[in-house]
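The values are calculated or read from the model by the stated rules, or taken from the named source; none is laboratory data. The structure displayed is predicted, hence computed values, not measured ones. In this analysis, Cβ positions are derived from the backbone assuming ideal geometry, glycine residues included, and neighbour counts consider all displayed protein chains.
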Amino acid sequence: MSKNSHLGHQAKKRFGQNFLHNEAVISQIVDAINPEPNENLIEIGPGLGALTEPVIERAGDISVVELDRDLAHRLRHHPFLAKHLTIYEQDALKFDFGSLASPDKPLRIFGNLPYNISTPLIFHLLSFKDKVKDMHFMLQKEVVERMAAGHNCKAFGRLSIMTQYQCQVMPVMEIGPEAFQPPPKVDSAIVRLIPHKSIKNPVNNLKTLNQVCLTAFNQRRKTIRNSFKKLISAEQLSSLGLDPSLRPENLSLDDYIALANFVDEHPVNKET
Ligand code: SAM
């Protein structure tokens, strides 16, 4: 049997398949999720069921989204799991998670995510945040660090701003490569995301905030005077209380919110 085979399944690199096999780690993750009966639990990428099985033991029936047809087929015929699962054999990047929510049953989404698509998947999931109670994900440790980073840190960027604007970000635990089969080349971490119920300092337009972040962090070594040249002048930056000689990572989330609202309220600047 090949070293990348687990429970008779050959791991597929293109689907980011690294299967959890350490029972102690699995139970710590499930404790962190804390699944309970009658909740609206959805797992992304159940794979061979390492997390699915203990979650079902605690919570009962759940829904899963799995793209690999071989794995979806295995789950459909699994002697214990099958009757507890609603299986969506679909791409989580395109899946309408909102369709599974109801007002009295907000979503609790979790998964050991395929690392090759984790950032676009997080952005896709954030678009359903109003219907989500919480999310627990295994990600590359470096991605969790970027999500949780505060300003003035190297890891601070668009992912930090867009995630923290919409959610409370709580790193939960770190996990080494040996907990997986095959082991990934990177360290991993679990993060808990809890969407804010209300946003104290809202942006007029989330797309503008995203655009401002893209502009700022496209060249993160530039001063904001240079990176925002086409969007907002040095004088205007100063009028917002921002020193034009700062670098993008030196501005706080609130500074980015102020910048996005300024750009939104001065649309002419977008064109100049
Ligand atoms: N949950 C299992 C575990 O912890 O052992 C497997 C985790 S593995 C890192 C990622 C899983 O996501 C695999 O089952 C893979 O087939 C699935 N997957 C990959 N890309 C996907 C996508 N776009 N949509 C849904 N599932 C996907």
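Among the residues of the range 78-85, is there at least one that is out of contact with any helix residue (DSSP H, G or I) (no Cβ under 8 Å at 6 or more places or on another chain), within 14 Å of the ligand (Cβ to nearest atom) and more than 24 Å from Val143 (Cα to Cα)? Yes: one or more hits. When Ser238, Ser160, Ser188 are checked against the criterion of being surrounded by fewer than 20 Cβ atoms within 10 Å (Cβ to Cβ) and either polar (S, T, N, Q) or in contact with a helix residue (DSSP H, G or I) (Cβ under 6 Å, 6 or more places away or on another chain) (or both), a single residue qualifies: Ser238.
Return yes or no: is Leu259 part of a helix (DSSP H, G or I) and touching a helix residue (DSSP H, G or I) at 6+ places or on another chain (Cβ under 7 Å)? So Leu259 passes the test.
Does Ala260 fit the bill of being surrounded by 13 or more Cβ atoms within 10 Å (Cβ to Cβ), hydrophobic (A, V, I, L, M, F, W, C) and touching a residue at least 40 places away in the same chain (Cβ under 8 Å)? So Ala260 passes the test.
Taking Pro120 as the residue in question, decide whether it is at pLDDT 95 or above, within 14 Å of the chain's Cα centre (by Cα) and not in a helix (DSSP H, G or I). So Pro120 does not fit the description; no. Report whether or not Arg220 is modelled with pLDDT under 95 and either touching a Leu at 6+ places or on another chain (Cβ under 7 Å) or outside the structural domain of Gln166 (by TED's automatic domain parsing) (or both). Taking the combined requirement at face value, the residue satisfies it.
Considering only residues in the range 27-59 that are near the ligand (Cβ under 8 Å from one of its atoms) and of a type in the set (A, V, I, L, M), the one that is nearest to the chain's Cα centre (by Cα) turns out to be Ile44.
The set of residues in the range 159-182 that are outside any strand (DSSP E or B) and in contact with a Phe, Trp or Tyr (Cβ under 6 Å, 6 or more places away or on another chain) contains only Ile161. Considering each residue of the range 61-68 in turn, at least one proves to be outside any strand (DSSP E or B) and over 20 Å from Leu121 (Cα atoms). Residues of the range 1-22 that are within 12 Å of the ligand (Cβ to nearest atom) and not in a strand (DSSP E or B): Leu7, Ala11, Lys12, Lys13, Arg14, Phe15, Gly16, Gln17, Asn18, His21, Asn22.
If you go through the range 1-46 and pick out every residue that is among the aromatic types (Phe, Trp, Tyr) and within 25 Å of Ser99 (Cα to Cα), you end up with 1. Hey, among the residues in the range 91-108 that are more than 14 Å from the ligand (Cβ to nearest atom) and either without any contact (Cβ under 8 Å) to a residue 40 or more places away in the chain or among the hydroxyl-bearing types (Ser, Thr, Tyr) (or both), which one's farthest from Phe123 (Cα to Cα)? For the range 91-108, the residue satisfying everything is Asp104.
The set of residues in the range 15-28 being touching a residue at least 24 places away in the same chain (Cβ under 8 Å) and either in contact with a helix residue (DSSP H, G or I) (Cβ under 9 Å, 6 or more places away or on another chain) or hydroxyl-bearing (Ser, Thr, Tyr) (or both) consists of Phe15, Gly16, Gln17, Asn18, Leu20, His21, Asn22, Val25, Ile26, Ser27.
When each of Glu43, Glu57, Glu36 is tested for being assigned to a loop (DSSP other than H, G, I, E, B) and either at pLDDT 95 or above or farther than 25 Å from Ile117 by Cα (or both), the lone residue that passes is Glu36.
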